[in-house]
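Below you'll find the structure, written out as structure tokens, and then a few comments.
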Amino acid sequence: MKRLATWAFYAVGAVAIAYLALYAYAVFTGRDLQPGDPIHIFRKPDAPSYSALSTSLRA
């Protein structure tokens, strides 16, 4: 049981270090956002619009 706890501790530490490394990579390689810059959200043009009321709900 003690050996399992040790390996679990190492696994959590490795995940934490990997997360910090990915965060540092994103911070140093990401582009800077400036106020007023548009946010580009890519969406399939033929995707259904779930926010519109369907024809069966209109009364």
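Full extension of the segment from V27 to A14, taken as 0.36 nm per residue of separation minus the current Cα-Cα distance, would add 2.7 nm. Is the shape of the stretch 1-54 best called rounded, prolate or oblate, per the rule: a/c under 1.5 gives rounded, else a/b larger than b/c gives prolate, else oblate, with a ≥ b ≥ c the square roots of the Cα gyration tensor eigenvalues? Judged from the Cα gyration tensor, the stretch 1-54 comes out oblate (a/c at least 1.5, b/c at or above a/b).
Only the coordinates and a few stated rules stand behind these numbers; no lab work does. Remember, predicted model here, so these are calculated numbers, not experimental data.
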